[in-house]
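To start, the structure itself, in structure tokens.
The values are calculated or read from the model by the stated rules, or taken from the named source; none is laboratory data. Bear in mind the structure is a predicted one, so any value in this text is a computation, not a measurement. Heads up, the Cβs are rebuilt from the backbone with ideal geometry, glycines too, and the neighbour counts pull from every protein chain shown.
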């Protein structure tokens, strides 16, 4: 698929063929053709393509991108790549590029923009736009206020649907376009208090003489402006919303959140979930320059090194025993690693339960019992296996029994730490997904080595 | 927030207070009140609440749920909980509960339903419904075909918008409702070939005498029916779609995918990503009975035990060296674990890049070089740190140097394995996120122990 023929592209998903052609042209060093191919892609695909090429070659290709598309592309890029390309765009070009964005999108981007550009951008706005922009900007990105659009199409409840349609036609004629993703209008009373939603599908299919108040859907609960973006995401997921009204503490309408912004949150959360378990930040660029990216990873390695040295110190306490029975050194990593694996399974389940608010103070105790029971079952089963292996390997019955007993102890430790560590971290306000793994492994390593080497010191050596 | 007062609930997000009251009533054993509180929740919240209570107490509460809501609740439950509650519902009640679902939802659910219920359900359908149901059911759940609704509201391109509105009013009068999440209508020609989308917002705001063909948006590319659900998800995310048409190979319209189904895919993918890294399946129920849940986890522990014994065997090869210098046993886990941590960071980045198709055959080599450079930088830095620690600890210069050298080797191994393992697994069709971690840790453990103990055997012992 190399032509731009729209008939042929009708059944090709997402310009996948186009992307392949782009990479082929890029690989052959044909920048001009690569640039042309880029033009035919969607801004999000351009962002993907830019992130997939080496850091130092991006600015050259960035120059080939149409200025009118650059605003959307910047919005789709991850933090590191976005910062890089903003630094490679002139101030005037940036200002033109940003004109195509909505106010909530500008507010998402403005932390990355040079102050002088933000100033110029705000100065160039008309009063209404500036007001909208400032209304969104004042709320943190991760709240309903940061996600909302303030261009919500609003109607009053005491008018007929015919007047609503007349109003929409006037609005359209005046502004040339309606707000994006308009599936419904927000209904308010005289005081701008939220009352309900008027679905466009009702507007086009029901009797035009009906009053808005008779048709509007009142079961859509408005979202308080300070609600966290993760909770907004869950509301949209759970209730299959396309758009939802945002209100202040007194129920007055402030704006509207649309599902496309919520999908961006979902994507971010999903990536964040996976990345933070490896101590990486979500904005990490796979082709970022080596030195800064190595330095960012160094911190996580350092944290884990402290962990590893704590375990080493514990082993060192039993130096004499290892000196006498060297087989202890052979089997001790098995006990430690099995506890870590079992604990990670529990931790993953409990962290999910906490995020979904399914694990609560009133059922945490029951959950702990369940995990301990499960750890005990697996502990006994695998203890028998490792004891038999160790006895066959070394011929030392005593050592096999100690090995098995230590494994039971460490799988129980994994179950307990996997349950209690995320609960404790959440209580003191630390992200269980980021720090949970480190604390858990510290616990299972220490208990694993102490139980195995300690029991061996008592019964084997 | 304990009353059902709708004024008061206006600013409470998602019945969070209601859920708390439910758990309080449940904890006090007041099943009747718990049941009443459940009634006031959204089906997805009922599902969350059911999953958050112990397995054996769910059936009693399930009986309190209104039959009309049970279909939606079943749809929202995770696999294990869903199966449990279907088994606790009478056949006739199931049939009534399922009536509220859409055809694509029924098709999602039918693998969990008893055959006799599916048969009865299909027999009770009218011809049109049966046809729609079978059209969706024949496609796998993880394709565009499995996600689509076949009730797409369709119009022809050669009519005016006034006739479209007249048609929608007739349809509404006849069917009592329009398809859910209707933000647009699909425009086709006489042969049912997809032409474009007519946005409802255009329908209500532009001149009613205009022809559909002049207004319809043609830039929305239709999705081929066999497209994978993950790619559908990315299309919706990237292009901010609310709904999109699904077509066969010849471009004929088959149905419509709406964003709410795509959000379910996103949620599933996000959960799956995190869960499979711990060897858990996405449907895992946090309160499932202990024995089966312990058995499911046993497999993953077994896989890791094989890994651990391979490492133990490698250590065993150097038994004599450890016997002579017991400090080797103290430091060897540090080398192994640091390689594992560094490798996991690379693996996480590369697996994300593969999923987003940013890592391709033409840039994999460059990526490997980058990761090796980053591993080398961190290796040298941390090698100096561990060498100093080991020299201060043991007073053995030789041992410190060997320790540092082994750490460099193992961080490089982590970088290489973290890049090559997911690439290789993807090539042979194995999910890198599930198997990648196991293979990686096997590599960094073996190389970690061999390099440290091997170098020590040559230079220290």
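With respect to the numbered conditions (1) at the interface with another protein chain (Cβ under 7 Å from one of its Cβ atoms); (2) farther than 19 Å from residue A:418 by Cα; (3) modelled with pLDDT of 95 or more, which one is the sole condition not fulfilled by residue A:318?
Every listed condition holds for residue A:318 apart from (1).
Determine whether residue B:150 is farther than 21 Å from residue B:255 by Cα and surrounded by 15 or more Cβ atoms within 10 Å (Cβ to Cβ).
When the stated conditions are applied, residue B:150 does not pass them.
Condition first: within 37 Å of the chain's Cα centre (by Cα) and within 14 Å of residue A:203 (Cα to Cα). Now tell me which residues in segment B:186-209 satisfy that.
Correct list: B:199, B:200, B:201, B:202, B:203.
Is segment A:189-204 home to any residue that is in contact (Cβ under 8 Å) with a residue 60 or more places away in the chain and closer than 21 Å to residue B:178 by Cβ?
No, segment A:189-204 contains no residue that is in contact (Cβ under 8 Å) with a residue 60 or more places away in the chain and closer than 21 Å to residue B:178 by Cβ.
Quick check on this structure: which one of B:434, B:420, B:425 is in contact (Cβ under 8 Å) with a residue 60 or more places away in the chain and over 21 Å from residue A:302 (Cβ atoms)?
B:434
Kindly provide the set of residues from segment B:19-44 that are in contact with a helix residue (DSSP H, G or I) (Cβ under 6 Å, 6 or more places away or on another chain) and part of a helix (DSSP H, G or I), ordered by number.
B:21, B:22, B:25, B:26, B:33, B:34, B:37, B:38, B:43, B:44
Check whether at least one residue in segment A:277-292 is free of Cβ contacts under 8 Å to residues at least 40 places away in the same chain, at the interface with chain B (Cβ under 8 Å from one of its Cβ atoms), out of contact with any strand residue (DSSP E or B) (no Cβ under 8 Å at 6 or more places or on another chain) and not in a helix (DSSP H, G or I), and report yes or no.
yes
Among the residues of segment B:169-194, what is the count of those that are on the phi > 0 side of the Ramachandran plot and not in a loop (DSSP other than H, G, I, E, B)?
0
Check segment B:255-272 and report whether any residue there is at pLDDT 90 or above, assigned by TED's automatic domain parsing to the domain that holds residue B:189, over 16 Å from the mean Cα position of the chain (by Cα) and more than 22 Å from residue A:267 (Cβ to Cβ).
yes
Name the single residue that is modelled with the lowest pLDDT among those in segment B:153-168 being surrounded by 15 or more Cβ atoms within 10 Å (Cβ to Cβ) and either in a loop (DSSP other than H, G, I, E, B) or in contact with a helix residue (DSSP H, G or I) (Cβ under 6 Å, 6 or more places away or on another chain) (or both).
B:153
Within segment A:341-358, work out how many residues are more than 7 Å from chain B (Cβ to nearest Cβ) and either modelled with pLDDT of 95 or more or surrounded by 24 or more Cβ atoms within 10 Å (Cβ to Cβ) (or both).
Here the count works out to 5.
Return the total of residues in segment A:372-389 being crowded, with 21+ Cβ neighbours inside 10 Å and more than 9 Å from chain B (Cβ to nearest Cβ). Give the derivation first.
Narrowing segment A:372-389 to residues crowded, with 21+ Cβ neighbours inside 10 Å: A:374-375, A:378-379, A:382-383, A:386.
Still in the running and more than 9 Å from chain B (Cβ to nearest Cβ): A:379, A:383.
Summing the residues that are crowded, with 21+ Cβ neighbours inside 10 Å and more than 9 Å from chain B (Cβ to nearest Cβ) in segment A:372-389 gives 2.
Taking the criterion of being within 36 Å of the chain's Cα centre (by Cα) and at pLDDT 95 or above, would at least one residue in segment A:384-393 satisfy it? First the steps, then the outcome.
First, the residues of segment A:384-393 that are within 36 Å of the chain's Cα centre (by Cα): none.
No, there is no match, as no residue in segment A:384-393 is within 36 Å of the chain's Cα centre (by Cα) and at pLDDT 95 or above.
State the number of residues belonging to segment B:169-180 that are touching a helix residue (DSSP H, G or I) at 6+ places or on another chain (Cβ under 6 Å) and more than 18 Å from residue B:132 (Cα to Cα).
Here the count works out to 2.
Quick test of your reading of the structure: residue A:323 fulfils all but one of (1) part of a helix (DSSP H, G or I); (2) at the interface with chain B (Cβ under 7 Å from one of its Cβ atoms); (3) in contact with a helix residue (DSSP H, G or I) (Cβ under 7 Å, 6 or more places away or on another chain). Name the failing condition by number.
Tallying (1) part of a helix (DSSP H, G or I); (2) at the interface with chain B (Cβ under 7 Å from one of its Cβ atoms); (3) in contact with a helix residue (DSSP H, G or I) (Cβ under 7 Å, 6 or more places away or on another chain), residue A:323 fails exactly one: (3).
Kindly indicate whether any position in segment A:195-202 is assigned to a loop (DSSP other than H, G, I, E, B) and more than 9 Å from every other protein chain (Cβ to nearest Cβ). Lay out the reasoning, then the answer.
So in segment A:195-202, the residues assigned to a loop (DSSP other than H, G, I, E, B) come out as none.
So far as segment A:195-202 goes, no, none of its residues is assigned to a loop (DSSP other than H, G, I, E, B) and more than 9 Å from every other protein chain (Cβ to nearest Cβ).
Assess whether residue B:404 counts as being touching a residue at least 40 places away in the same chain (Cβ under 8 Å) and either in contact with a strand residue (DSSP E or B) (Cβ under 9 Å, 6 or more places away or on another chain) or surrounded by 20 or more Cβ atoms within 10 Å (Cβ to Cβ) (or both). Reasoning before the result, please.
Working: touching a residue at least 40 places away in the same chain (Cβ under 8 Å): no; either in contact with a strand residue (DSSP E or B) (Cβ under 9 Å, 6 or more places away or on another chain) or surrounded by 20 or more Cβ atoms within 10 Å (Cβ to Cβ) (or both): yes.
No; evaluated as a whole, the condition is false for this residue.
Within segment B:321-332, track down each residue that is without any contact (Cβ under 8 Å) to a residue 12 or more places away in the chain and surrounded by fewer than 23 Cβ atoms within 10 Å (Cβ to Cβ).
Within segment B:321-332, B:323, B:326 qualify.
Go through A:439, A:446 for me and flag whichever is at pLDDT below 95, more than 10 Å from chain B (Cβ to nearest Cβ) and in contact with a helix residue (DSSP H, G or I) (Cβ under 9 Å, 6 or more places away or on another chain).
Of A:439, A:446, the one residue that is at pLDDT below 95, more than 10 Å from chain B (Cβ to nearest Cβ) and in contact with a helix residue (DSSP H, G or I) (Cβ under 9 Å, 6 or more places away or on another chain) is A:439.
In segment A:433-457, which residues are within 23 Å of residue A:361 (Cβ to Cβ) and surrounded by fewer than 24 Cβ atoms within 10 Å (Cβ to Cβ)? Working first, answer last.
From segment A:433-457, those within 23 Å of residue A:361 (Cβ to Cβ) are A:433-436, A:439-440, A:443; that's our starting set.
A:433, A:434, A:435, A:439, A:443 - these are the residues of segment A:433-457 that are within 23 Å of residue A:361 (Cβ to Cβ) and surrounded by fewer than 24 Cβ atoms within 10 Å (Cβ to Cβ).
Out of the residues in segment A:235-260 that are surrounded by fewer than 24 Cβ atoms within 10 Å (Cβ to Cβ) and in contact (Cβ under 8 Å) with a residue 60 or more places away in the chain, which is farthest from residue B:259 (Cα to Cα)?
Checked segment A:235-260; the qualifying residue farthest from residue B:259 (Cα to Cα) is A:252.
So how many residues does segment B:215-273 have that are assigned to a helix (DSSP H, G or I), under 19 Å from residue B:103 (Cβ atoms) and within 7 Å of chain A (Cβ to nearest Cβ)?
3
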